[in-house]
Every structure is written in structure tokens, then in C-alpha cells.
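> Dropping the structure in here first, questions after.
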Amino acid sequence: GFSNHERWPRAWRSPEPRRAYDIVVVGGGGHGLATAYYLAKEHGLKNIAVLEKGWVGGGNTARNTTIVRSNYLWDESSQLYEKSMQLWEGLSQELNYNVMFSQRGVMNLAHTLQDVRDTKRRITANRYNGIDGEWLTPAQIKEIVPAINLDCRYPVLGASFQRRGGVARHDAVAWGYARAADRLGVDIIENCAVTGIRREDGEVRGVETERGFILAPKVAVVAAGHSSVIADMAGLRLPLESHPLQALVSEPLKPVLDTVVMSNAVHAYISQSDKGDLVIGAGIDQYVGYGQRGSFHLIESTLQAIVEMFPAFSRVRMNRQWGGIVDVSPDACPVISTTPIKGLYFNCGWGTGGFKATPGSGWVFAYTVANNAPHRLNAPFSLNRFHTGHLIDEHGAAAVAH
Ligand code: FAD
Ligand code: PYC
């Protein structure tokens, strides 16, 4: 049956690294690939390499639960995520690659009076920013999600609903950006870990890699959970903690859930993939670490929460479980920034919520690297905010327990 699939053309080249590039992007996840694509497409820069220590999209890009929404509280973040949402809406056409963006709606449940107040406040703030959002009563929730048990241990009192939110196919996002960037001349170099950052006189000169030294006057780091490790190579300390975040999927079922349901209070979220699996995620592991593994305690606590809300799923079998390493910042917002070292840029701190931001993050980071200055949309997200105190607290809208 698979014999017809043997001679598929490669979607991107596998070049040997050159001695020098104008820009080296460190990290071949969705964000790094999107950055390289927009550098080439929007800024006409062609001499670019993406260096990836493993394989394209093998990090958090391939490990997340693919939820996309833009319903953040503060103006700064909602505008950044909404830019991303607008890019998602045209992404399959832009890349000529079906990223399976499915706007099936995202529901954030409220289980306490404080949840209700916070959620309604967020919906109002979103609407002032031109972002869709509505409050659902329990009866309206039941209409959209017949399988839900509203009268669970922490009764469901209502929910926010962003109808333009939804899910996308994570691998396709990485592959689509990789192919499009490659066609614009970007060299994507897999199995090429960066092991050092060479600096002279306060400026970047290039990167040490497993495959030798590469000269570059600009180095743009997009390494998610390993950002602090790379910052350390340059003598920088980032205000980030790396935590595992776990998810699991069930055996495939017939269609039973056609929207996304998230509950911060009980630490679980669920959707059904187009293949039929229930895709389930948890709150972050409380300890820091770099192990991309699942653990037993989490299966128990997360599935308890899911079965409380969806008793009908109690006998569904789980197929696979894994972890990714998320880079959590003190205000649950990203860092998209120049640094005190000329030519060194960081895009990190997306924590539990960066998949939805992939296109927008790449777009603003490309602007920042090309112009050596932030775009209006990412100016509030500089490293400097941890000195000035202008934090943008999005722990509520992060919607994943921290
Ligand atoms: P990655 O895909 O991790 O890319 C970083 C890359 O850098 C990796 O490929 C890594 O190998 C590479 N790298 C690291 N060190 C080096 C080095 N020294 N040299 C070269 N390369 C290096 N977000 C949402 O918006 N919605 C969700 O539903 C959601 N669910 C999640 C569920 C889980 C279980 C997890 C783990 C995360 C979830 N997230 C979600 C968060 C989201 O996945 C991340 O914020 C986002 O994918 C980060 O994107 P990235 O491209 O920067 O990361
Ligand atoms: O940010 O929407 C999100 C999210 C969902 C699951 C993990 N993060």
C-alpha cells in the first residue's frame, strides 16, 4: 500500500552549512522557520541559515495540543496574538501548504464566581480590541458540547467562546514554513546543534556548531525550552524557567467533539483531531527540567479532570503520552527582543502558549532582526521590561495551570 509513497520529492534541501551567512536562526521549530521565511519574504534577505539540533519541528512544535486563539487580556498581548490569528487565516494559501487550520471555536470554562468575573472582563477587553468573544451560559455550552457534564465536581457556570479560534496541524505548520523558506533560498540545516556563541567587542561574530564554526553578524535565537541554555553561551541570563508540559492522545473515535474545551481550574483541555483521537493536555509540571517524557501521576490527575467533565470518555483507551519543555516567563508573556550584545536577538518565553503565535511571532521577529529594532507590536515584549517593571501579566489568559 505504501509503495507509491517511496519516491516523494524532498520538501526542502539538505545543504552543507556554508562558512558564513548574513543571519543565522538558531532553532528549526515553527517560530524559527517562520522567522526565516518572513526575513526572506518580507525583508528580501536571502543569505540565511536555520540551524536545528534535531529535526525540523521535532520540539514543542510537534508536541503541543495545537490550540489557536487570540483572547488575551491586555492590549499589548491581544494585538500580538490577533496579528497571528490573521496570519493563520491566510496561512495555507500563503505557504501553498494545507496547515489544516480549523476554526472550530475555543471554549474556556468558568467554574467559580471569580472565574466568571475574570472571563467576562476578558471578553469585554477582547471586544474593545476588535477580537471576537462571547459569554456562553451553561445551557448554551451544552448545546455546543452535548457530551459535557456541567454538574461536575466544580460545576460549570459559563464559558468564554472565541469562534475564530480552533486548531491546526502542527507538523504541517513546520513543514509548510520549511518548504516555503527553502524555496526562497534559506538553508535549513538539521542535526546541527549550536554549542557556542562567539562574540568580540560586544558584538556577535558567529556560532560554534557540531559541524564547525559559522560566521554571522546576526544570530536570532528561537529555541523555546532551551533558550536559557543558549543565552548562557553568550553570558546572558534570561528571566525564564524551563518546565515540562505534558499531553496525551487516545485511540481514534468517531466524531464526538467538534470544538476545543479548556478548563484552567481543573487543569485539562481537550479537542478531537481530524483523525479522531482525543487530544488532551495538562497544567505544567511543577518541577523544572529538560526531560521530554510523560509521567504516571499526570495521566491520573488529568484524566480525572477529563472524566469529571466528560463521563462518556471514561473507558476510552489512551494511546500515547509525551512532554515538551516550555520556557515560562514571570508574566506568562514572550520575550521578543534585541539584547545588550549587538547582533544577538532572542524570541522566547512563549511558555505554554506559543503554537498559536507561530506566524505572528515569526513575522515580528523577522522585522526586529532585519531592522535591529522591534516592530510596534513586539516593542512591549523586550527584555528591558524586567528592569522597568512594565510586565504584562497574562497568567489568566494563558489558560493552562502554572
Ligand atoms: P520548538 O518547536 O521547541 O523549536 C525550538 C527548536 O530549537 C527545537 O526544534 C530544538 O531542537 C531547537 N534547539 C534547541 N537548542 C538548540 C541548539 N543548541 N542548537 C540548535 N537548535 C536547538 N501552545 C499553544 O499556543 N497552543 C497549545 O495548544 C499548546 N499546547 C502545548 C502542549 C504541550 C504539551 C507543549 C509542550 C506545548 C504547548 N504549547 C501550546 C506551547 C507551544 O508548543 C510552544 O510555545 C511553541 O511550539 C514554541 O515554538 P518554537 O517553534 O519556538 O519551539
Ligand atoms: O495557550 O491555548 C493555549 C494552550 C492550550 C494548551 C496549551 N496551551
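The values are calculated or read from the model by the stated rules, or taken from the named source; none is laboratory data. Predicted model, so just to flag it, every value in this text is computed and none were measured. Because the Cβ atoms are built from the backbone with ideal geometry, glycine has one as well, and the counts that use them run over all protein chains shown.
> Quick check on this structure: which one of Ala312, Ala265, Ala357, Ala332 is surrounded by fewer than 18 Cβ atoms within 10 Å (Cβ to Cβ) and within 15 Å of ligand 2 (Cβ to nearest atom)? Explain how you work it out, then say what you get.
Working: Ala312 fails: within 15 Å of ligand 2 (Cβ to nearest atom); Ala357 fails: surrounded by fewer than 18 Cβ atoms within 10 Å (Cβ to Cβ); Ala332 fails: surrounded by fewer than 18 Cβ atoms within 10 Å (Cβ to Cβ).
The unique qualifying residue is Ala265.
> OK, next. Of the residues Ile214, Ile188, which is over 13 Å from Tyr345 (Cα atoms), under 24 Å from the mean Cα position of the chain (by Cα), at pLDDT 95 or above and not acidic (Asp, Glu)? Break it down into steps so the answer makes sense when it comes.
Values: Ile214 fails: under 24 Å from the mean Cα position of the chain (by Cα).
Checking each option against the conditions leaves just Ile188.
> Which condition number in (1) in a helix (DSSP H, G or I); (2) within 10 Å of ligand 1 (Cβ to nearest atom) is the one that Val25 fails?
Of the numbered conditions (1) in a helix (DSSP H, G or I); (2) within 10 Å of ligand 1 (Cβ to nearest atom), the odd one out for Val25 is (1).
> Filter region 367-394 down to the residues that are touching an Asp or Glu at 6+ places or on another chain (Cβ under 6 Å) and either among the β-branched types (Val, Ile, Thr) or away from ligand 2 (no atom under 16 Å from the Cβ) (or both) and list them by number.
Matches in region 367-394: Pro380, Leu391, Ile392.
> Quick one: is Asn378 away from ligand 1 (no atom under 11 Å from the Cβ), under 21 Å from Ala223 (Cα atoms) and either basic (Lys, Arg) or in contact with a Leu (Cβ under 9 Å, 6 or more places away or on another chain) (or both)? Outline the logic, then answer.
Working: away from ligand 1 (no atom under 11 Å from the Cβ): yes; under 21 Å from Ala223 (Cα atoms): yes; either basic (Lys, Arg) or in contact with a Leu (Cβ under 9 Å, 6 or more places away or on another chain) (or both): yes.
Criteria met by Asn378.
> Search region 170-201 for residues being within 12 Å of Tyr37 (Cβ to Cβ) and among the charged types (D, E, K, R), and hand back the single one that is surrounded by the most Cβ atoms within 10 Å (Cβ to Cβ).
By that ranking, first place goes to Asp182.
> Among the numbered criteria (1) in a strand (DSSP E or B); (2) under 24 Å from Tyr269 (Cβ atoms), which one does Phe346 miss?
Of (1) in a strand (DSSP E or B); (2) under 24 Å from Tyr269 (Cβ atoms), only one is false for Phe346: (2).
> Take Gly165 and tell me if it is of a type outside the set (Phe, Trp, Tyr) and within 16 Å of ligand 2 (Cβ to nearest atom). Quick ask: steps written out before the conclusion?
Working: of a type outside the set (Phe, Trp, Tyr): yes; within 16 Å of ligand 2 (Cβ to nearest atom): yes.
Answer is yes for this residue.
> Do any helices (runs of 4 or more DSSP H) entirely within region 54-143 hold 1 or more residues that are closer than 17 Å to Tyr177 by Cβ, more than 16 Å from ligand 2 (Cβ to nearest atom) and in contact with a Pro (Cβ under 7 Å, 6 or more places away or on another chain), and if so, which? Break it down stepwise before answering.
Values: elements: 75-89, 91-95, 113-128.
The helices (runs of 4 or more DSSP H) meeting that bar are 75-89, 91-95.
> Can you tell me which residue among Cys152, Cys192 is closer than 30 Å to Gly235 by Cα, part of a loop (DSSP other than H, G, I, E, B) and either touching a residue at least 12 places away in the same chain (Cβ under 8 Å) or of a type in the set (Val, Ile, Thr) (or both)?
Values: Cys152 fails: closer than 30 Å to Gly235 by Cα.
On inspection, the qualifying residue turns out to be Cys192.
> Anything in region 229-248 that is within 13 Å of Gly196 (Cα to Cα) and either among the acidic types (Asp, Glu) or under 17 Å from the mean Cα position of the chain (by Cα) (or both)? List them, or say none. Explain how you work it out, then say what you get.
Kept after step one, since they are within 13 Å of Gly196 (Cα to Cα), are these residues of region 229-248: 229-236.
Across region 229-248, the qualifying residue is only Asp232.
> Still on this structure: Scan region 373-392 and tell me whether some residue there is closer than 30 Å to Ser301 by Cβ and either outside any loop (DSSP other than H, G, I, E, B) or under 19 Å from the mean Cα position of the chain (by Cα) (or both). Explain how you work it out, then say what you get.
Here is the first cut: in region 373-392, the ones closer than 30 Å to Ser301 by Cβ are 391-392.
Subset that is either outside any loop (DSSP other than H, G, I, E, B) or under 19 Å from the mean Cα position of the chain (by Cα) (or both): 392.
Yes, region 373-392 contains a residue that is closer than 30 Å to Ser301 by Cβ and either outside any loop (DSSP other than H, G, I, E, B) or under 19 Å from the mean Cα position of the chain (by Cα) (or both).
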